[in-house]
Amino acid sequence: MAAHVALAPLAFGAPQASGGQSIRELSESTRRVVPALISYDAPEKRDFCYRSSFVRVNGLALSAISSPAAHMSAGGQTQGVMIFAAQGELVFTADGGQYTGLASNSAVFIPPDCPTVMKASKRSSVVIQIDQNRLKQTATTMLGAGLRESEFFSNPAPKQMALTQGSYP
C-alpha cells in the first residue's frame, strides 16, 4: 500500500479487512454490495490505495470501504442500498438530482432500478444492501421514529436523509 496516503479508519471489520492499490480489486470487492457496478475510477491513480471489509448477516450485505477520492457509476440494481459516510463526503447523482452523504450528518438511499454516479472525497463509508422489507425496518430504526413508511417507501426515489437517533423499545 502507498505509504504516504493515510486512509480514514474503516467503520467495521478492520482486523480482517483486505486492501491494496488496485482499483480493479476494489471494484470486484464492491460488486458484492453493488452488483450493477459499471466503473470505479480514482482521480489520483498514482497514490490510490484502499481497505475494505465485507460481512453478510441474516440477509444484510454490508461493506466498509476506505479510500482516497474516487468516482463510481452503477446501473439499476435489483435491491436498494443505503450509503453512510463514516468520514468524508459522498455525492450521488441519480434520477436527475444530487444527494450528499456527509459523515455524522446524512446518508443516501438509492432505490432499486436507479442508475447512479458517485463522486467521493477521501472517505470511509458503509454500504448496506438488503431486501426491501429489511431495508424498511432498518431505515426506520436508524433514521428515527418520525419516519413514516408512506413518506419514505411509497415513492421509490433516491433520498438524502438526515441521520437521527432511532427509537428503541
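The values are calculated or read from the model by the stated rules, or taken from the named source; none is laboratory data. Predicted, not measured: the structure shown is a model, and the values here were computed from it. Note that each Cβ is placed from the backbone with ideal geometry, even for glycine, and that neighbours are counted across all protein chains shown. For accessibility, only protein heavy atoms count, side chains too; no ligands or nucleic acids. Shrake-Rupley method; radii C 1.70, N 1.55, O 1.52, S 1.80 Å.
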Could you tell me the accessible area of LYS119 in Å² (1.4 Å probe, neighbours in place), rounded to the nearest ten?
120
Listed peptides 16-28, 121-133, 40-52 by packing density, highest first (mean Cβ within 10 Å):
121-133, 40-52, 16-28
What list of ³J(HN,Hα) couplings, whole Hz, do you get for region 34-47 from phi and the Karplus terms 6.51, -1.76, 1.60, once you set θ to phi - 60° and write x for glycine and proline?
10, x, 8, 4, 9, 8, 9, 9, 10, x, 10, 5, 4, 9
